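I have placed the structure first, in the form of structure tokens, so that the comments after it can refer back to it.
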2 protein chains.
Amino acid sequence: MADNKKMVEAITPMDEDFAKWYTDVVKKAELVDYSGVRGCMIVRPYGTALWENIRSDLDARFKALGHENIMLPMFIPESLLQKEKDHVEGFAPEVAWVTHGGEEKLPERLCVRPTSETLFCDHYHDIIHSYRDLPKLYNQWCSVVRWEKTTRPFLRTTEFFWQEGHTMHETSQEAMEETERMLEVYADFCEQSLAIPVLKGRKTDKEKFAGAEATYTIEAMMHDGKALQSGTSHYFGDGFSRAFEIQFTGRDNTLQYPFQTSWGMSTRIIGAIIMTHGDDNGLVMPPAVAPTQLVVIPIAPHKPGVLDAAASLRDRLKSVVRVKMDDSDNSAGWKFAEHEMKGVPLRLELGPRDIENNQCVIVRRDNREKTVVSLDELETKLPELLKAVHDGLYQKALARRESMTYSAASMSELKELADNKPGFIKAMWCGALECETALKDQAGVTSRCMPFEQERIADTCVCCSKPAKHMVVWGKAY
Amino acid sequence: MADNKKMVEAITPMDEDFAKWYTDVVKKAELVDYSGVRGCMIVRPYGTALWENIRSDLDARFKALGHENIMLPMFIPESLLQKEKDHVEGFAPEVAWVTHGGEEKLPERLCVRPTSETLFCDHYHDIIHSYRDLPKLYNQWCSVVRWEKTTRPFLRTTEFFWQEGHTMHETSQEAMEETERMLEVYADFCEQSLAIPVLKGRKTDKEKFAGAEATYTIEAMMHDGKALQSGTSHYFGDGFSRAFEIQFTGRDNTLQYPFQTSWGMSTRIIGAIIMTHGDDNGLVMPPAVAPTQLVVIPIAPHKPGVLDAAASLRDRLKSVVRVKMDDSDNSAGWKFAEHEMKGVPLRLELGPRDIENNQCVIVRRDNREKTVVSLDELETKLPELLKAVHDGLYQKALARRESMTYSAASMSELKELADNKPGFIKAMWCGALECETALKDQAGVTSRCMPFEQERIADTCVCCSKPAKHMVVWGKAY
């Protein structure tokens with residue numbers, strides 16, 4: 001067995017077992033492997049290349065808005081974690097504790113950061129003194145650790161990779177604007193680079209981040225109708241500033257507390273890519289972040305001139321797209337299946353007759369549409385085709401979300417939908433925690449967000465019939 | 001005080017106290033700040049931008065040679081760390097141990113990775129089966145943790161950032177070639193991108209990496225004559241392969257163990273940049289990795305048209321160099337000192353008379369040479385001037401190393417040099433550990449490397465007078 005070539009193995013069909021389909025895809029497309037450490041994944045080269053593309057795209061968006069990167073320690077002393085009450089309550093139960101350095105017992109336990117608000121605030125305390133020091137627009141790319149009971153690659157892992165922006169502002173107004181601006185950055189990134197349509201909205205108090213005054217979210221709908229929270233942006237007010245005694249002398253010469261935000265997107269977004277665009281043949285990569293955008297497959301590669309022509313085509317196209325050639329000795333059919341599994345957006349087939357006719361065949365991954373393209377026109381055609389794949393993916397995902405979004409005016413209607421129709425349910429809410437909890441207990445749905453684009457489905461709360469305050473999108477979630 | 005503008009503070013002169021000069025520079029140039037966690041540093045935006053430039057330069061060199069990035073867990077189970085005997089003996093005394101996840105005591109302790117050989121090998125065990133799976137050329141960018149007693153920013157910190165390449169090969173020959181190739185990559189990077197001349201050589205057995213068969217190193221000389229090990233490349237043979245039972249079916253259909261290398265460069269290299277090029281005015285950044293290559297300083301910015309002209313010049317030059325404009329309300333003199341402290345390679349001064357004459361003044365950081373340049377010629381002149389700064393830095397460092405490298409034919413000569421002349425000492429060695437230890441005990445020097453370019457200083461060992469096997473470069477080291 002060891003000496004045989006691996007075969008493209010079948011994956012479980014989505015409709016048969018969606019969870020199994022997911023783990024088949026992440027494993028067989030070689031995005032991740034399991035490690036010997038409970039709940040920690042190995043992100044393999046293909047998955048790492050995808051994350052690097054996501055990272056550099058997002059990083060450029062952050063820097064264009066004046067954000068700077070910084071690298072803080074991975075450890076937080078226990079006393080520092082405890083400085084903000086809500087925050088420590090939210091995170092202490094799920095952190096990893098370092099108790100020994102070498103042979104020595106530490107005088108104070110250190111936790112491996114589950115998030116870095118406390119470290120940023122400790123630093124801001126030292127470097128913010130005057131309004132001239134504001135705003136501070138910092139971001140960090142790192143991994144964080146949360147001791148999860150059940151884990152799944154990308155969706156929920158003990159260690160995961162992310163970026164965390166932490167900013168400080170002179171006024172509450174500026175901080176609120178930053179919170180909303182960064183949510184828009186995430187939404188634009190999802191739609192423009194990942195072809196994932198997202199709902200933008202505000203989290204209810206129950207669902208907001210530990211220590212935040214307000215949490216904004218983008219929610220995407222997966223193939224199975226479940227929601228995936230894809231990025232969040234938090235407004236902290238001056239709560240942490242007060243807890244960490246961060247003060248600055250204002251323009252009016254009085255001592256003031258700055259206002260804070262934080263925002264993050266993680267390797268979870270790779271789970272969203274997989275479950276939004278994937279199909280029964282495997283991954284479908286959105287072109288903007290695909291590690292390989294085009295794979296060149298020589299047809300009848302033993303025929304004279306074919307391999308050379310394919311190689312020189314690949315070299316020529318390097319400045320246009322991220323291109324690879326598959327010159328392994330596998331069959332063409334095997335190669336098609338392999339690169340479909342990996343979700344490469346475009347496949348270019350080049351055989352002896354194509355070379356004679358100065359043309360090639362290009363096949364789109366998303367809909368398998370074939371186009372015959374003159375070799376002279378590739379430089380203009382390839383970007384167009386990548387754009388077409390992107391648009392195709394986005395429109396398909398949007399249409400699915402729209403067709404799987406329902407409205408409920410009464411509790412019985414909502415329960416009926418929750419039991420029988422996977423997807424999002426729009427329903428009115430009075431704002432009371434009791435009603436939110438009742439929906440969870442009785443219908444198994446949680447509030448995903450109060451969308452910025454509100455509609456008036458009814459006048460009263462779907463649960464208690466008191467006057468409604470918000471339209472909420474409810475659903476099951478990853 | 002909080003409301004006053006910070007002043008450019010004086011730094012301790014090098015000659016007065018080199019260690020103090022170093023910590024003044026890293027702190028006042030805002031590369032790092034100390035954190036509340038013992039031995040862990042905060043790498044501030046300016047230091048992070050420098051590391052990002054180093055990283056993307058090196059990463060491109062690795063990828064051009066076919067290496068792929070991967071992301072492995074930060075934790076290593078205790079049993080996994082113990083699989084290779086020499087390795088665990090080298091690292092176990094200095095690792096951080098995680099004993100609890102949330103409230104729960106873990107069934108097995110996890111260490112925070114001090115290096116990742118064991119994790120790579122565990123993964124390689126799962127994915128290497130046939131000679132067709134080789135070579136595996138993997139690299140990882142991450143931080144690692146070693147519980148250090150005394151720490152100094154960049155030079156020795158509990159947590160530090162690095163890349164670690166780990167490769168697997170079909171034959172010992174290929175692995176040896178990879179080990180040497182990657183040392184050359186590091187040497188080229190230091191010389192071409194950092195303007196740091198390095199000695200290439202092999203470590204003695206005493207100084208080699210825990211678990212390696214051979215360790216190669218590049219050694220740079222700092223301003224004070226001490227050596228800084230700037231990058232290492234290790235040949236492992238098949239020791240780890242055997243310990244981790246990594247086997248593949250070879251071309252002859254027999255089961256074989258692959259041969260392994262690892263190689264790393266860390267944030268220590270920032271210490272090398274500082275102590276090679278810095279001076280009493282602060283940092284001097286090598287142009288290829290400088291976060292800002294050119295700072296534009298408007299002179300008499302209150303005069304009409306000056307600020308606008310400076311801003312449009314900055315915008316025009318963005319595609320040529322990494323450029324910033326300082327339009328703060330500090331004095332020109334203050335700005336000059338500030339950007340000298342930060343080591344910006346070129347300063348462009350633009351005042352009303354310059355604008356009239358369609359010219360500007362450019363000042364080099366390394367030697368303060370001024371050039372008047374026509375505004376029409378900046379696109380060609382700036383790259384030339386950056387190259388001149390690079391060459392100037394390299395030549396200065398090389399001349400210093402040469403003038404501070406001595407030869408010793410006898411032990412008394414060597415002791416005399418070690419006591420009175422900071423720098424490198426070339427001397428012959430018989431290869432015995434006892435002599436190496438004697439030099440450390442009697443003269444306070446350690447073997448830096450056995451340079452690839454060997455010379456014959458004498459016929460006998462400087463210590464025991466037995467026949468000499470190698471010329472060794474000895475010195476004091478960071």
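Side notes on the structure shown:
- Among the listed pairs A:Lys206/A:Lys476; A:Lys381/B:Lys318; A:Lys27/A:Lys149, those beyond 25 Å (Cα-Cα): A:Lys381/B:Lys318
- Partner chain coverage, peptide B:102-113 - average Cβ within 10 angstrom: 4
- Between B:Leu106 and B:His100, B:Gly101, the built amide H atoms are under 5 Å apart, and every one of these is 5 or more places off in sequence or on another chain.
- A:Leu155 sits among other residues whose Cβ lies under 15 Å from its own Cβ, and their net charge, with Lys and Arg +1 and Asp and Glu -1, is +4.
- Computed lengthening from A:Tyr34 to A:Asp17, 0.36 nm per intervening residue step minus Cα-Cα distance: 4.1 nm
- Fraction of alpha-carbon pairs over 13 Å apart in region A:397-444 - percent: 57 percent
- Other-chain or far-sequence residues with amide H under 5 Å of A:Val95's (modelled H): A:Trp147, B:Gly102
- Taking every alpha-carbon pair within region A:294-395, the share separated by more than 19 Å comes to 37 percent.
- Per residue Cα convex hull volume in Å³ - calculated over chain B: 179 Å³
- Over all pairs of different C-alpha atoms, region A:136-262 has a mean inverse distance whose reciprocal, the Kirkwood radius, equals 16.2 Å.
- Label 7 Å beyond Cα on the Cβ vector: B:Glu104 copy-to-copy distances, nm: 3.1
- Ranked packing of B:28-34, B:201-207, most packed first, by mean Cβ within 10 Å: B:28-34, B:201-207
- For B:Asp329, inter-copy separations between label points set 7 Å beyond Cα along the Cβ vector come to 7.6 nm, shortest first.
- Using the Karplus relation 6.51 cos²θ - 1.76 cosθ + 1.60 with θ = phi - 60°, the per-residue 3J(HN,Hα) values for region B:356-368 come to 3, 8, 6, 8, 8, 10, 10, 10, 7, 6, 6, 10, 6 Hz, with x marking Gly and Pro.
- Unit charges on C-beta of K, R, D, E only; dipole of chain B, Debye: 660 debye
- Over chain B, DSSP H runs of length four or greater, each weighted -39,500 (n - 2.57), average out per residue to a 222 nm ellipticity of -10500 deg cm²/dmol.
- For region B:262-340, the orientation-averaged shadow of the C-alpha convex hull comes to 6.9 nm² (one quarter of the hull surface).
- Shielding by partners - mean other protein chain Cβ count within 10 Å, residues of A:127-136: 3
- Which of A:Ala175, A:Ile76, A:Cys40, positive extreme of dipole for region A:18-277 (C-beta unit charges): A:Cys40
- Nearest 10 degrees, 0 to 90: helix B:306-317 Cα axis against chain B principal axis: 30 degrees
- At most 16 other Cβ within 10 Å, DSSP loop - chymotrypsin sites (Phe, Trp or Tyr not before Pro), region A:307-401: none
- Check: region A:120-201 dipole with +1 on Lys, Arg Cβ and -1 on Asp, Glu Cβ, in debye: 460 debye
- Calculated P(r) tail over 23 Å for region A:18-277, as whole % of Cα pairs: 54 percent
- Placing +1 on the Cβ of every Lys and Arg and -1 on the Cβ of every Asp and Glu, with no other charges, gives the protein assembly as shown a dipole of roughly 80 debye about its Cα centre.
- Among beta bridges identified by DSSP and lying wholly in region A:294-395, the antiparallel ones come to about 55 percent.
- Using alpha carbons only: equivalent-ellipsoid semi-axes of the protein assembly as shown, gyration tensor based, whole Å: 47, 37, 31
- Shape analysis of region A:360-478 yields a ratio of the Cα radius of gyration to the Kirkwood radius, Rg/Rh, of 1.26.
- Shortest first, B:Arg368 label-point distances to identical copies amount to 7.4 nm, with the label point at 7 Å from Cα along Cα→Cβ.
- Phi-based couplings in Hz for region A:337-345 (Karplus 6.51, -1.76, 1.60; Gly and Pro marked x): 5, 4, 7, 5, 4, 7, x, 4, x
- Farthest toward positive dipole pole in region B:414-463 [+1 Lys/Arg, -1 Asp/Glu at C-beta], among B:Thr446, B:Gly423, B:Cys463: B:Gly423
- Whichever aspartates and glutamates have a C-alpha closer than 12 Å to that of B:Lys421, once near sequence neighbours (fewer than 8 apart) are set aside: B:Asp224, B:Glu413
- Average beta carbon contacts from partner chains per residue of A:48-56, 10 Å cutoff: 2
- Expected-Rg normalisation [2.2 N^0.38 Å, Cα atoms] applied to region A:1-136: 1.51
- With 31 Å as the limit on Cα-Cα distance, the pairs of A:Lys342/A:Lys440; A:Lys226/A:Lys387; A:Lys105/A:Lys203 that go past it are A:Lys342/A:Lys440; A:Lys105/A:Lys203.
- Dimensionless Rg ratio for region A:407-475, taking C-alpha atoms and the 2.2 N^0.38 Å reference: 0.94
All of the numbers you see were taken from the coordinates with simple rules; none came from a lab. Predicted model only: the values in this text are computed from it and were never measured. With ideal geometry, Cβ positions are generated from the backbone for all residues, glycine too; neighbour counts draw on all protein chains shown.
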